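Scroll down for the structure; my scribbles are underneath it.
Quick note: the coordinates plus some simple rules give every number you see, no bench work behind them. Predicted model only: the values in this text are computed from it and were never measured. Here the Cβ positions follow ideal geometry from the backbone for every residue, glycine too, while neighbour counts run over all protein chains shown.
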Amino acid sequence: MKLLVTGGAGYVGSVCTAHLLDGGHDVTVLDDLTTGHRDAVPAGASFVEGDVAAAAADVLAEGFDGVLHFAARSLVGESVVDPAKYWHGNVVTSIALLDAIRAHRVPRLVFSSTAATYGEPESTPITEDSPTRPTNPYGATKLAIDHAITSYAVASDRALGAVSLRYFNVAGAHGDVGERHATETHLIPLVLQVAAGTREQVSIYGDDWPTPDGTCVRDYIHVDDLADAHLRALDHAPPGEHLICNLGNGTGFSVLEVIEACRRVTGHPIPAAVAPRRAGDPAVLVASAARAHERLGWSPARGDLDGIVADAWAFARGGVSA
Ligand code: UFG
């Protein structure tokens, strides 16, 4: 297929681009490089540097079989401080992209949604029918885009089939393509910075949560498993429908368990200290990915936490991109 990947210079977008190229697809990456890296775009993809809202219509005029939309602002904390950046950068941009998709009759869309659309869950594991009550502007903007996608997909001509994939905690690397954020807030890369000697210790954001060891529990998913789901979503995008699927392993690991896994994998003692809770953190986020299994035929192959950490560690020590 001829595919447009927005945000293909970022972490998840670049790994998915590598998988799409391996799958024989013809890929054009559109990215403005505000947070992505030019050298993260896998060789073999065409690259257009530009703002998604401004450039999408021109690019899509060439005729495409599908769009994978990764480009987004994605820092929860920043979204609370500067919501305009998120409503413009995520929602306004995505509506412009949807208009271009519609104008050029692109038949498939796969969208990077997030577990942050659910907010504090009422029960675990979280299914796609759980209430969506985001606790921060980041999650609210992703949910707003999901609603817009539904409207565009079920529009009277039913020309678009869309799949939103709601990621839980993505980690790991695909060879030399991994996570390289200017502002790193994610647990695994921060813990590995301690192992690499570029950070003195890691903070544990609260040890008095209502969980077995008192630290927050999350569902970590390997970025290669995530990419596999995107390829399947392209094949299964139902015309005139918007399918929403969670992506996770269905197993939760606490912050302490993650730090312990990093100690095992790296052989480094990794000093850690308890710090106050981080605002907006739910205690437990674990996915039910039963729908992705049913509708996309997807099952994670790389759910082992030590394996996820080992790939992130190999990248942290020698990776060159993303
Ligand atoms: N944590 C620490 N210390 C740190 C960093 C994180 O204890 O230095 C804890 C957090 O409090 C949380 C867990 O580690 O309990 C995981 O935190 P991350 O920042 O790695 O990931 P989040 O669960 O906050 O965020 C992920 C995605 C977001 C998405 C969110 C949905 O990265 O994009 O899930 O809630 F919005």
Relative contact order, percent, the chain [alpha-carbon distance under 8 Å, six or more residues apart] | 20 percent
Consider all pairwise Cα distances in the chain and report the whole-number % of them above 25 Å.
-> 47 percent
How many nm is it between the label spots at A301 and D22, if each spot is 7 Å from the Cα in line with the beta carbon?
-> 0.8 nm
Full extension from I95 to L33: what is 0.36 nm times the residue separation minus their Cα-Cα distance, to one decimal in nm?
-> 20.3 nm
If each of A155 and D58 carries a label point 7 Å out from its Cα toward its Cβ, how far apart are those two points in nm?
-> 2.2 nm
Residues H147 and R264, FRET efficiency given R0 of 41 Å [Cβ-Cβ distance, rounded to 0.05] = 0.45
Considering only DSSP beta bridges whose two residues both sit in the chain, what percent are antiparallel, to the nearest 5?
-> 5 percent
Going by alpha carbons, how many degrees (0 to 90, nearest 10) lie between the helix axis of 93-103 and the longest principal axis of the chain?
-> 30 degrees
Residue by residue through segment 58-71, which ³J(HN,Hα) values in whole Hz follow from phi under the Karplus form 6.51 cos²θ - 1.76 cosθ + 1.60 (θ = phi - 60°), with glycine and proline marked x?
-> 5, 5, 5, 4, 5, x, 10, 8, x, 10, 10, 9, 9, 4
Sort 48-61, 4-17 for me by packing, meaning the mean count of neighbouring Cβ atoms within 10 Å per residue, highest on top.
-> 4-17, 48-61
Give the angle, between 0 and 90 degrees and rounded to the nearest 10, that separates the Cα long axis of helix 255-266 from the longest principal axis of the Cα atoms of the chain.
-> 90 degrees
So what is the relative contact order for segment 1-107, in percent, with contacts set as C-alpha pairs under 8 Å and at least six apart?
-> 30 percent
Can you give the net charge of the other residues whose Cβ lies under 10 Å from the Cβ of Y11, counting K and R as +1 and D and E as -1?
-> 0
Contour minus Cα-Cα span, E184 to R102, at 0.36 nm per residue, comes to 26.0 nm
Per-residue ellipticity at 222 nm for the chain, helices alone: DSSP H runs ≥ 4 residues times -39500 (n - 2.57), over residue total, nearest 500 deg cm²/dmol?
-> -11000 deg cm²/dmol
Given the alpha-carbon gyration tensor of segment 193-322, what are the semi-axes of its equivalent ellipsoid in whole angstrom, ordered largest first, with each equal to the square root of 5 times an eigenvalue?
-> 30, 20, 12
Separation in nanometres of the label points that stand 7 Å from Cα toward Cβ, at V81 and M1 | 3.8 nm
Express in whole angstrom the spacing between the alpha-carbon centres of segment 256-313 and segment 168-218.
-> 9 Å
Between helix 223-236 and the chain: long-axis angle, C-alpha atoms, 0 to 90°, nearest 10 = 20 degrees
